[in-house]
Every structure is written in C-alpha cells, then in structure tokens.
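Student: Dropping the structure in here first, questions after.
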Amino acid sequence: MTATLTPTTHQRLLSWIDEVAALTTPDQVVFCDGSESEWTRITDDLYFLPLVVHHYVTTTGDSQLLGLIRHLTSVERYWLSIVGGGLDVPNRWESPDPDIDFRLSEQDTPESVVEEYQHQWELSRQALAGKAAGDPSTTDGDKTVRWLLTHLVQETARHVGHLDVLREFADGTTGE
C-alpha cells in the first residue's frame, strides 16, 4: 500500500514502504512534506493537549507528564532554535543540574508548561524559516536541517510513547 501522494520515484524505498505497510497494516501511509497544511493538521490534532495534561495532573497528582513536556520543549529549543537557527534563547542544558528539564517550579501549571511548548514550536519555525532540508545548521555545520528534524522526530516519538503509557495508567485511555 503506497500512499497516493508519493513524493519519490525511488523504487527500493517504495518497495520497502509497501513491505512495512503489509506487515503493520496501517490505515494510511502519509509522507511528511513540511507544508503549511501539514503543520496545521498536526498542530490542530494537539488542540486538546492542555486539557488532557490538566486532567491527568489534577486527577493523579503526578507531574511526570509535565516533566516530559518540559524536556520536549528543551529538546526542540536546543536542536531547532539554537543549533538549527542560531537563535539566542535560554538553553536549559547549560545548567549543572542534569535533571533541570524535569524539575518544575511552584509557578508551573499544566497550562503554562504546554503553552511554553507551543510557543517553542513558533520559535522553531522562525529559526528554520528559509532553510532547506539539506542546508547546514547554523551552529554545527556537520548537521543538516534534515538531520535536526529527523533527530527531533525520533526524540519526540520516544517521549510521546512515554506520555501515552502515563496517560493509559491514569485513565485507561490508549492512543492510536
């Protein structure tokens, strides 16, 4: 099952996609294209994130989920805004505290942590504006924008799996 809008003619890649699709039987195969419509579709899916996080934290008293979201904010900030775009923004990873991402202050709320993450998405878009996938990052010429985005997807996917498990433990709801 190859997607209808296939952005490549590379037959080995298309064969591999068909093979994996046959094994995993997804509802659909979607290629990421980096378009504005793709961005809107993905972020619209996250519209209810603040409500889900607030419900989880207030019903369980467990702030691990907020720590993971704070960590994802730091990951995106470092790789896309600082390394990719060269923005002069705070870098939590310069702290001597190795767990700084996961520590919350008394002022942090589910809404404020999610809002910070969503604000970081906009900073990332600004940082990479005008750059193509094959362009070198601003502060590390050995890494391309493609490498940064791939790394961010991999890191985010790992932690979204963790978030899914925490949510399932809290209320029994499972992801797709």
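Student: May I ask you to list the residues in the stretch 120-174 that are aliphatic (A, V, I, L, M) and either surrounded by fewer than 12 Cβ atoms within 10 Å (Cβ to Cβ) or over 17 Å from Thr73 (Cα atoms) (or both)?
Tutor: Residues of the stretch 120-174 that are aliphatic (A, V, I, L, M), as a first pass: 123, 127-129, 132-133, 145, 148-149, 152-153, 157, 160, 163, 165-166, 170.
Ala129, Ala132, Ala133, Val145, Val153, Ala157, Val165, Leu166, Ala170, listed by residue number.
Student: Tell me, please, whether a residue that is assigned to a helix (DSSP H, G or I), modelled with pLDDT of 90 or more, within 22 Å of Cys32 (Cβ to Cβ) and not β-branched (Val, Ile, Thr) can be found in the stretch 129-147. First the steps, then the outcome.
Tutor: Here is the first cut: in the stretch 129-147, the ones assigned to a helix (DSSP H, G or I) are 145-147.
From what is left, the residues that are modelled with pLDDT of 90 or more are 145-147.
If we keep only those that are within 22 Å of Cys32 (Cβ to Cβ) as well, we get 145-147.
So of that shortlist, the ones also not β-branched (Val, Ile, Thr) come out as 146-147.
Yes, the stretch 129-147 has at least one match.
Student: So Thr73 fits all but one of (1) of a type in the set (S, T, N, Q); (2) part of a helix (DSSP H, G or I); (3) at pLDDT below 85; what number is the exception?
Tutor: Among (1) of a type in the set (S, T, N, Q); (2) part of a helix (DSSP H, G or I); (3) at pLDDT below 85, Thr73 violates only (3).
Student: Given (1) over 17 Å from the mean Cα position of the chain (by Cα); (2) crowded, with 21+ Cβ neighbours inside 10 Å, where does Arg77 come up short, assuming only one miss?
Tutor: Unmet for Arg77, out of (1) over 17 Å from the mean Cα position of the chain (by Cα); (2) crowded, with 21+ Cβ neighbours inside 10 Å: (1).
Student: Look at Ser81 and say whether it is out of contact with any strand residue (DSSP E or B) (no Cβ under 7 Å at 6 or more places or on another chain) and under 26 Å from Glu36 (Cβ atoms).
Tutor: Working: out of contact with any strand residue (DSSP E or B) (no Cβ under 7 Å at 6 or more places or on another chain): yes; under 26 Å from Glu36 (Cβ atoms): yes.
Yes: the conditions hold for Ser81.
Student: If a residue must be in contact with a Gly (Cβ under 6 Å, 6 or more places away or on another chain) and more than 22 Å from Gly84 (Cβ to Cβ), how many such residues does the stretch 104-137 contain? Even if it seems obvious, please write down each step before you answer.
Tutor: Going residue by residue through the stretch 104-137, those that are in contact with a Gly (Cβ under 6 Å, 6 or more places away or on another chain) are 127-128, 137.
Among the residues that remain, those that are also more than 22 Å from Gly84 (Cβ to Cβ) are: none.
Result for the stretch 104-137: 0.
Student: Of all residues in the stretch 96-128, count the ones that are hydrophobic (A, V, I, L, M, F, W, C) and not in a helix (DSSP H, G or I). Walk me through how you get there before you give the answer.
Tutor: Step one: of the stretch 96-128, the residues hydrophobic (A, V, I, L, M, F, W, C) are 100, 102, 104, 113-114, 121, 123, 127-128.
Retained after the next criterion (residues that are not in a helix (DSSP H, G or I)): 104.
Residues that pass the stated criteria total 1.
Student: Which of the numbered conditions does Pro50 fail, given that it passes all the others? Conditions: (1) at pLDDT below 65; (2) in a loop (DSSP other than H, G, I, E, B); (3) not aliphatic (A, V, I, L, M).
Tutor: (2)
The values are calculated or read from the model by the stated rules, or taken from the named source; none is laboratory data. All figures in this text were calculated on a predicted structure; none of them were measured in a lab. Backbone-built Cβ (ideal geometry, glycine too); neighbour counts: all protein chains shown.
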